[in-house]
Amino acid sequence: MFRQLNFAIVHGTIALLLGVTLLLSSANTNLTQRLSDFSERALRLPEFPAFTARRIVAKAVFWFDQGLNLKEELEVLRDENVKLKVLLAARQGDVKLGESDMLTAEITLRRPEDWWEKFRINKGSKEGIRPGFAVLNNGFLVGRVYKVSAHQAWVRLLTGLEMMVPAVVSETRDLGVVAGDGKGSLRLLYIPSESPVASGMNIETALVNEYLPAGLPIGTVGGVLEEKDGYSVFVVKSKAQLSRMYQVQIYIPSGGEK
Amino acid sequence: MIINSLLMWFLQDLLQVFLRGWMLIPDFMLMFVCYKSITSNYGLSRMIWIAFVGGLCWDLRWAGILGLNALAYTVALILSFWFWNLMPKSGRTPVILTAVMLMGHLTVTVFRLIILGVPSHYLLYQVVLQQSYAVVLSIIFGFVFYKRGEKGNAPQA
């Protein structure tokens, strides 16, 4: 009995040490990410019934529980989308929005330690996604694609510390930069203190490149966070559901698809 | 035992895929392994490695941090086994088994919260719900233990 117990203690100790070693050495490494991606691919087939059942249940919930309300909301969003496209087309002669497209993707991995930094989606280069494409939720910019494989891609969130997007305040045409604080909040930087920018004004992207066109909504101006060296920092209120994001839309510009 | 544990892991995985975004699934596989380790004569050493590998697979599929669940599952299993064997045979009742199972699951939850922190209130709410589902599962395991009349048959360390 004691021999068996000693044997278990040895095995337990080895397992614990191995666990601690893995935990300390693997966080955020590329190998971990690759293994994680591989496991998702490997389990895609056996998990297919669960995915299918989920889709069916989600559809049933949509139609039976919230059908009417969601349909109305969808109509409003569709109209808003059309209006935005028209507005964008008018502002950006070089971006042919009529030929652009939105691709809906599901979030398949959002790691708690990178909660406000990045997440993985279930669409990749085979579906026409390229690094740099804009990612929207609820019609508002939430991030950009930065890494793409065949059937999945990684998105860097606007709330992360590594993302900065040139932005313009629609009403005053003041240019600034929207950046995250790594804790779920957005800020509008580099707005001159004398500028008439005020709470409630709309913020949208300024032209960066063809993948991130001007005019994509980011949010609205909140209060002044601080004033320093003649410039103000504003809080940005995004209408994207950053904490409850299960699906996102990828903005695929004309010529961006395969 | 390995096949059963693998099936439990797969069931847990399928349910997590099915309910992703709606709720967090309690750790079925861990609870099953804890239950078997304290109520059957299967060697603890093997159970430790089954729990470790199960946790590691969960890390690969869902957590994205190798070792997080592997370590948590191993610690939970060892603690559960230890607590169960602290009890005299006469004290190994279904209620105690339920408490030990729940403690094992709670260990994993607390471990994850310590390592990962609380990224949002919504996620914390989901974790609390997950723990409440684990209470129901623990009661079911306790009931199974009672029905099988396994009281007093657990192996001694």
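Remarks
- 10 Å Cβ neighbours from other chains, averaged over peptide B:44-57: 4
- Using alpha carbons only, the radius of gyration of the protein assembly as shown set against its Kirkwood radius gives Rg/Rh = 1.07.
- Kirkwood Rh and Cα Rg combined as Rg/Rh, the stretch A:169-258: 1.01
- Pairs from the list A:K126/A:K239; A:K118/A:K239; A:K71/A:K183; A:K71/A:K147; A:K71/A:K123; A:K147/A:K239 with a Cα-Cα gap above 27 Å: A:K126/A:K239; A:K71/A:K183; A:K71/A:K147.
- Overall dimensions of the stretch B:2-147, expressed as equivalent-ellipsoid semi-axes from the Cα gyration tensor (√(5λ), whole Å, largest first), are 24, 17, 14.
- Listing B:V17, B:V100 from fewest to most neighbouring C-beta atoms within 10 Å gives B:V17, B:V100.
- Label-zone membership for the stretch A:188-222, site A:T172, 7 angstrom Cα→C-beta point, backbone N under 13 Å: A:188-203, A:221-222
- Once the Cβ-Cβ distance of A:T52 and B:F83 is raised to the sixth power relative to R0 = 41 Å, the FRET efficiency obtained is 0.50.
- The value obtained for the stretch A:101-258, namely the Cα convex hull volume divided by the number of residues, is 97 Å³ per residue.
- Helix-only arithmetic for chain B: the sum of -39500 (n - 2.57) across DSSP H runs with n ≥ 4, divided by the residue total, places the mean residue ellipticity at 222 nm at -25000 deg cm²/dmol.
- Pairwise alpha-carbon distances in the stretch A:142-187 exceed 16 Å for 48% of all pairs.
A short reminder: the numbers here are calculations on the coordinates, not readings from a lab. From a predicted model like this one, the values you see are computed outputs, not experimental measurements. Neighbour counts are summed over all protein chains in view; Cβ atoms, including those assigned to glycine, are modelled from backbone coordinates with ideal geometry.
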